[in-house]
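> Have a look at this one before I ask anything.
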Amino acid sequence: MATTYFEIAEDKLFERAELLKVLGHPERLAIVLLTLNQEMCVKDLVEILKISQPKVSQHVGLMKELGILTFRKEGTKVLYRTSSEVVRELMDVLF
């Protein structure tokens, strides 16, 4: 059964709108797709997406801040993975 407007807190609406805004960028969407089932470092994302390292780092930082991505360190490498269940479900619907 669908949720109605009256069942959702206002802060949840803003949270979801922000999430959709962030995922509305094609490069960020690509990063999410690439990290759905595997961990990747910024260097790998730069090579695959053919965009600059600062740009990838900016995208990753924003998504990390919103809880879309998590990370772990392996030596000097920082590995990122899509961690948000909401985002995972959205990717299933979209793709």
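Computed from the coordinates by the stated procedures, all read-outs in this text should not be read as laboratory data. Just so we're clear, the structure is a prediction, and the values are computed from it rather than from any experiment. Here Cβ is always computed from backbone atoms with ideal geometry, including for glycine, and neighbour counts include all displayed protein chains.
> What relative contact order, as a whole-number percentage, does segment 31-95 give when Cα pairs under 8 Å and 6 or more residues apart are counted?
Across segment 31-95, relative contact order equals 37 percent.
> Report, to the nearest 10°, how far helix 10-23 tilts away from the longest principal axis of the Cα atoms in the chain, using its own Cα long axis and a range of 0 to 90°.
40
> With a cap of 10 neighbouring Cβ atoms within 10 Å, and only residues DSSP puts in a loop, list the chymotrypsin sites (Phe, Trp or Tyr not before Pro) found in segment 3-35. If you can, show how the numbers build up before the last one.
Details: sites: Tyr5, Phe6, Phe14; in loops: none.
Hits after loop and neighbour filter: nothing returned.
> Roughly how many whole Å is it from the C-alpha centroid of segment 1-40 to that of segment 76-92?
11
> Still on this structure, please answer the following. Is the shape of the chain best called rounded, prolate or oblate, per the rule: a/c under 1.5 gives rounded, else a/b larger than b/c gives prolate, else oblate, with a ≥ b ≥ c the square roots of the Cα gyration tensor eigenvalues?
prolate
> Something else about it: Add +1 for every Lys or Arg and -1 for every Asp or Glu among the other residues with Cβ under 14 Å from the Cβ of Leu90, and state the total. Walk me through the numbers before you get to the answer.
Numbers: positive: Arg16, Lys21, Arg28, Arg88; negative: Glu15, Glu18, Glu85, Glu89, Asp92.
That sum, taken over residues with Cβ under 14 Å, equals -1.
> Here is a follow-up. Loop only per DSSP, at most 15 neighbouring Cβ atoms within 10 Å: give me the trypsin sites (Lys or Arg not before Pro) in segment 19-95, ordered by residue number.
Lys50
> Something else about it: Roughly what angle does helix 53-65 make with the longest principal axis of the chain, taking Cα atoms, 0 to 90 degrees, to the nearest 10?
Approximately 40 degrees, to the nearest 10.
> Hey, what number do you get for the chain at 222 nm if only DSSP H runs of n ≥ 4 count, each worth -39500 (n - 2.57), divided across all residues, to the nearest 500?
-17000 deg cm²/dmol
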